[in-house]
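A.B. asks: The following block contains the structure, expressed as structure tokens.
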Amino acid sequence: MSRNDIRRRTFLSGAATAGLVGLAGCSGGGGNSDGGNGGGSGNGGNSSMSLRVGTSAGGTKDVGLAVERAVSQKSDKLDYSTVESPGYIGTIYRMAQNQFNAGITDNNSLTKALDDRGQFSKHGVDSVPQYGFYAFPYSIYVIARDGTGIKTFDDLAGKNVYPAEPGYSTRATTLDVWSQKPTKNVYDKMNIKNMGVDSAPGAMEEGNIDAAIAYGTPGVRYTGFVREIASRVDVHYVKPTKALKKSAESYSGAGTGTTKYSDWSIGTDIGTDEVFHWNLEVNYTFNPSASTDAVYELCRVVDKNNDVVNEGEEQFNDFKSTSDMLASARKRIPVHPGAVKYYKENNAWDSNLKEGK
């Protein structure tokens with residue numbers, strides 16, 4: 001598979017099921033270490049051509065700043081500002097409070113908000129953001145330390161498993177996938193390890209972690225702690241079982257795909273030619289009150305100037321066509337009217353999707 005075949009970030013073969021995540025993990029659903037207070041108060045961006053975009057720390061913020069740079073260079077209409085927000089889930093909460101009228105979040109967090117699951121089971125929101133366009137994926141699979149006897153996913157039962165730092169969206173999505181009925185019996189027998197990503201490489205080197213998730217954006221890079229593990233410990237790919245694939249493909253908050261390992265190497269031989277992964281799909285989303293013209297203009301900028309965004313941050317998706325912007329859209333999540341208008345004018349609208357009110 002060539003670099004072009006995987007579209008550098010790849011729109012992932014088989015990415016038909018839903019997904020969520022920062023290349024360092026996305027605490028609370030966002031970046032490495034989420035912070036800030038949302039940049040102060042806001043009124044939801046009443047200016048007809050103004051978007052205040054809530055953006056997590058880490059890789060997510062890098063993507064947001066690259067889009068802001070492209071807007072500043074290629075649009076004389078749109079006023080775009082980046083506002084730091086505490087993770088993907090925090091972004092949904094703050095958008096519901098009208099602290100900003102746009103934000104980068106993910107499909108898993110959005111579906112949980114719709115279903116009042118996870119954190120939303122105790123503190124729901126009256127308004128769930130509407131879809132705009134796909135920003136990038138975080139793709140996840142499992143690696144194990146050599147000498148552990150772990151070959152397939154079933155072998156993780158009874159082992160010390162590290163699914164990233166508590167609070168990270170990659171962790172939440174992974175545990176959501178594993179807890180599905182086909183793999184719940186294996187998941188329930190795992191010894192899940194809880195520690196910061198800065199401690200994980202040492203713990204794996206010392207033998208306190210047998211297996212860990214590996215993740216990043218295909219064709220671009222892996223998150224930092226995964227690269228460090230691979231540089232310090234001999235690891236190998238944990239082969240997925242049919243049950244794991246079924247769990248991943250049936251979970252509404254995750255996408256799935258397969259990528260050639262040579263196109264997305266961890267820097268060492270892990271004993272496989274390709275990796276099957278479940279994906280955290282990260283999107284640009286908008287409050288229903290966001291200006292139709294402003295959302296339309298942002299869609300135009302990232303579509304027509306995709307190369308400019310990629311120059312600022314290659315993690316952002318490399319769209320082959322306008323319809324690729326809808327690659328992570330889901331029937332349950334309405335698409336903002338401004339985005340719908342853009343897709344219809346460019347013959348890219350999917351009539352199976354729902355237009356937001």
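Values in this text are rule-based calculations from the coordinates and carry no lab data. Values in this document were obtained by computation on a predicted structure and should not be read as measured data. Using ideal geometry, Cβ is built from the backbone for each residue, glycine included, and neighbour counts are taken over all protein chains shown.
A.B. asks: Using 7 Å Cα-to-Cβ label points, what is the Ser265/Asn208 separation (nm, one decimal)?
C.D. replies: That separation, rounded to one decimal, is 3.2 nm.
A.B. asks: Test of the criteria: in region 201-263, which GluC sites (Glu not before Pro) are in a DSSP loop and have at most 12 other Cβ atoms within 10 angstrom of their Cβ?
C.D. replies: Glu206
A.B. asks: For a 24 Å ceiling on Cα separation, which of these pairs sit above it: Lys245/Lys304; Lys112/Lys341; Lys151/Lys246?
C.D. replies: Check vs 24 Å cut-off fails for Lys245/Lys304; Lys112/Lys341.
A.B. asks: Separation between the Ser72 and Lys246 pseudo-spin-labels, each 7 Å from Cα along Cα→Cβ, expressed in nm?
C.D. replies: 5.2 nm
A.B. asks: Among all the aspartates and glutamates, which ones have a C-alpha under 12 Å from Lys260's C-alpha, if same-chain residues fewer than 8 places away are not counted?
C.D. replies: The qualifying aspartates and glutamates are Asp5, Asp273, Glu274.
A.B. asks: Under 16 Å Cα-Cα from Lys61, which aspartates and glutamates qualify once same-chain neighbours fewer than 8 residues away are excluded?
C.D. replies: Asp34, Glu84, Asp106, Glu281, Glu311, Glu313, Glu314
A.B. asks: Using 0.36 nm times the number of residues separating His123 and Glu345, minus their current alpha carbon distance, what extension gain do you get?
C.D. replies: Here the segment from His123 to Glu345 would lengthen by 76.1 nm.
A.B. asks: Just to confirm the filter: which chymotrypsin sites (Phe, Trp or Tyr not before Pro) across region 276-352 are DSSP coil and have at most 10 other Cβ within 10 angstrom of their Cβ?
C.D. replies: The qualifying sites: there are none.
A.B. asks: Can I ask one more? Work out, in µm²/s and without decimals, the Stokes-Einstein translational diffusion coefficient of region 309-357 at 20 °C, 1.002 mPa s, Rh from Kirkwood over C-alpha pairs.
C.D. replies: In µm²/s, the coefficient is 183.
A.B. asks: Sort largest first and round to whole Å: the equivalent ellipsoid semi-axes of region 55-97, each the square root of five times a Cα gyration tensor eigenvalue.
C.D. replies: Equivalent ellipsoid of region 55-97: 22, 13, 5 Å, largest first.
A.B. asks: Hey, another quick one. Per the Cauchy relation, a quarter of the hull surface: what is the mean projected area of the convex hull of the alpha carbons in region 83-229, in nm²?
C.D. replies: The directionally averaged projection comes out at 10.0 nm².
A.B. asks: Quick check: residue separation of Ser231 and Asn352 times 0.36 nm, minus the Cα distance between them. What number comes out in nm?
C.D. replies: Residue separation times 0.36 nm, minus the Cα-Cα distance, leaves 39.0 nm.
A.B. asks: Only Lys, Arg, Asp and Glu count, each charged at its Cβ (+1, +1, -1, -1), so figure out the dipole size of the chain about its Cα centre, rounded to 20 debye.
C.D. replies: Approximately 860 debye in magnitude.
A.B. asks: Check Ile192: other-chain or 5+ apart residues with amide H under 5 Å from its amide H, H built from backbone geometry?
C.D. replies: Residues meeting the amide H criterion: Val161.
A.B. asks: Step through the residues of region 263-272 one at a time and calculate ³J(HN,Hα) from phi using the Karplus curve (6.51 cos²θ - 1.76 cosθ + 1.60, θ = phi - 60°), rounding each to whole Hz and writing x for Gly and Pro.
C.D. replies: Those phi angles translate into 8, 8, 7, 8, x, 8, 6, 10, x, 8 Hz.
A.B. asks: Separate question: Amide H of Leu51: which non-local residues (sequence gap of 5 or more, or other chain) have their own amide H closer than 5 Å, using H built in the peptide plane?
C.D. replies: Asp79, Tyr80, Ser81
A.B. asks: I've got another one for you. In whole angstrom, how long is each semi-axis of the equivalent ellipsoid of region 239-357, when you take the square root of 5 times every eigenvalue of its Cα gyration tensor and sort them from largest down?
C.D. replies: Semi-axes (√(5λ), whole Å): 31, 19, 11.
A.B. asks: Please report the spacing between the Cα centers of region 189-257 and region 68-82 in Å, no decimals.
C.D. replies: Between the Cα centre of region 189-257 and that of region 68-82, the gap is 37 Å.
A.B. asks: Here's another thing I want to ask about it. Debye sum, Cα scatterers, region 174-215, no solvent: what log₁₀ I/I(0) at q = 0.17, 0.33 1/Å?
C.D. replies: -0.54, -1.16
A.B. asks: So if R0 is 22 Å, what FRET efficiency would Asp146 and Lys189 give, r being the distance between their Cβ atoms, rounded to the nearest 0.05?
C.D. replies: After rounding, the FRET efficiency stands at 0.50.
A.B. asks: If the cut-off is 16 Å between C-alpha atoms, which aspartates and glutamates fall inside it for Lys159, apart from same-chain ones fewer than 8 positions away?
C.D. replies: The qualifying aspartates and glutamates are Asp146, Asp188, Glu205, Glu206, Asp210.
A.B. asks: Out of (i) 6, 27, 36, 21, 9, 1, 0; (ii) 5, 19, 28, 28, 16, 5, 0; (iii) 5, 22, 25, 19, 13, 8, 4, 2, 1, 0, which label holds the value of P(r) over Cα pairs in 10 Å bins from 0, in percent that was computed here?
C.D. replies: (i)
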